[in-house]
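What follows is one structure encoded as structure tokens, with my remarks underneath.
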Amino acid sequence: EDQVTQSPEALRLQEGESSSLNCSYTVSGLRGLFWYRQDPGKGPEFLFTLYSAGEEKEKERLKATLTKKESFLHITAPKPEDSATYLCAVRGQGAQKLVFGQGTRLTINP
Amino acid sequence: DVKVTQSSRYLVKRTGEKVFLECVQDMDHENMFWYRQDPGLGLRLIYFSYDVKMKEKGDIPEGYSVSREKKERFSLILESASTNQTSMYLCASSRFSIGAETYEQYFGPGTRLTVT
């Protein structure tokens with residue numbers, strides 16, 4: 001069974017303090033790993049798709065990386081507006097649906 | 001831009017009522033999904049559909065049904081609402097993934113349903 005585990009559950013940082021969020025996964029034939037951002041009371045917003053180990057993608061202060069067992073979402077010099085829950089999901093071979101992790105709730109204090 | 005809309009942002013219903021949640025997407029996506037999201041439990045898939053009139057059970061289909069009569073519209077039905085169905089309901093859509101191709105899901109704004 002495909003599984004996604006995110007850590008930590010919650011992370012509180014000071015503005016400008018860089019850190020990383022972790023997404024560990026087990027999946028039969030990875031067809032894509034997805035990162036989403038979700039603000040309170042809203043639907044998740046798509047950020048990145050990673051397909052194969054070694055791949056990296058960047059968007060503003062966020063960089064996502066992928067290995068064969070996990071993905072990291074690095075956040076560099078974060079700002080308070082980066083506060084949100086970050087969700088990781090995987091699609092396995094032959095599947096249309098995604099398996100989501102529980103998310104990491106990130107808070108950036110000014 | 002992909003747009004997924006949901007019929008209501010907030011909904012309050014009584015126990016035993018029949019509840020309809022509507023979702024519409026404007027990008028001609030084949031796949032549509034219904035999730036519920038609860039604190040500590042994350043996103044859980046209720047049902048999905050990859051074509052008109054087709055449906056597949058997700059992880060928690062009990063107490064729910066769905067309808068997809070048109071490609072752009074996917075409805076979630078609570079036949080007899082219960083208090084344990086109080087939750088945030090999220091609709092999503094995506095293109096149909098074939099082989100190594102993979103497409104992201106786009107989510108609607110959510111419907112906060114309260115059953116009293």
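Every read-out reported here was derived from the displayed coordinates using simple, explicitly stated rules and does not represent laboratory data. Remember, predicted model here, so these are calculated numbers, not experimental data. Note that we place each Cβ from the backbone using ideal geometry, even for glycine, and neighbour counts take in every protein chain shown.
Projecting label points 7 angstrom from Cα along Cα→Cβ for residue A:58 and residue B:12 puts them 5.0 nm apart. Each principal axis of the Cα cloud of chain B was evaluated for its coordinate range; sorted largest first, these ranges are 44, 30, 26 Å. Descending by average beta-carbon neighbour count within 10 Å, the peptides B:64-75, A:5-16 line up as B:64-75, A:5-16, the highest first. Ordering B:45, A:75, A:100 by Cα displacement along the dipole of the protein assembly as shown toward the positive end leaves B:45 in first place; charges were set at the Cβ atoms of Lys, Arg (+1) and Asp, Glu (-1). For chain B, the Cβ-based charge dipole about the Cα centre amounts to some 420 debye (Lys, Arg positive; Asp, Glu negative; other atoms uncharged).
With 10 Å bins beginning at zero, the pair-distance distribution over Cα atoms of segment B:16-58 amounts to 22, 47, 28, 3 %. Which percent, nearest 5, of DSSP beta bridges in chain A are antiparallel? Of the beta bridges lying entirely in chain A, close to 90 percent run antiparallel. Rounded to the nearest 20 debye, the dipole magnitude of segment B:1-42 is 380 debye, with +1 charges on Lys and Arg beta carbons, -1 on Asp and Glu beta carbons, and the Cα centre as origin.
Spread over its residues, the convex hull of the C-alpha atoms of segment B:58-116 is 107 Å³ per residue. Volume per residue for the protein assembly as shown equals 118 cubic angstrom (convex hull of Cα atoms). Once the chain from residue A:46 to residue A:5 is taken as fully extended at 0.36 nm per residue, the excess over their C-alpha distance is 12.9 nm. Distant-in-sequence amide contacts of residue A:55, defined by a placed amide H-H separation under 5 Å and a gap of 5 or more residues or a different chain, comprise A:66. Average 1/r across all pairs of distinct alpha carbons in chain A, invert it, and you get the Kirkwood radius: 13.9 Å.
Can you give the relative contact order of chain A as a percent, counting alpha carbon pairs under 8 Å and 6+ residues apart? For chain A, the relative contact order is 37 percent. Only the Cβ atoms of Lys and Arg (+1) and of Asp and Glu (-1) were treated as charged; on that basis the dipole of the protein assembly as shown about its Cα centre amounts to roughly 420 debye.
Highest mean first, the peptides A:54-62, B:36-44 sorted by other C-beta atoms within 10 Å per residue fall in the order B:36-44, A:54-62. What FRET efficiency comes out for the pair residue B:114/residue A:95, r = Cβ-Cβ distance, R0 = 41 Å, nearest 0.05? Approximately 0.80, to the nearest 0.05.
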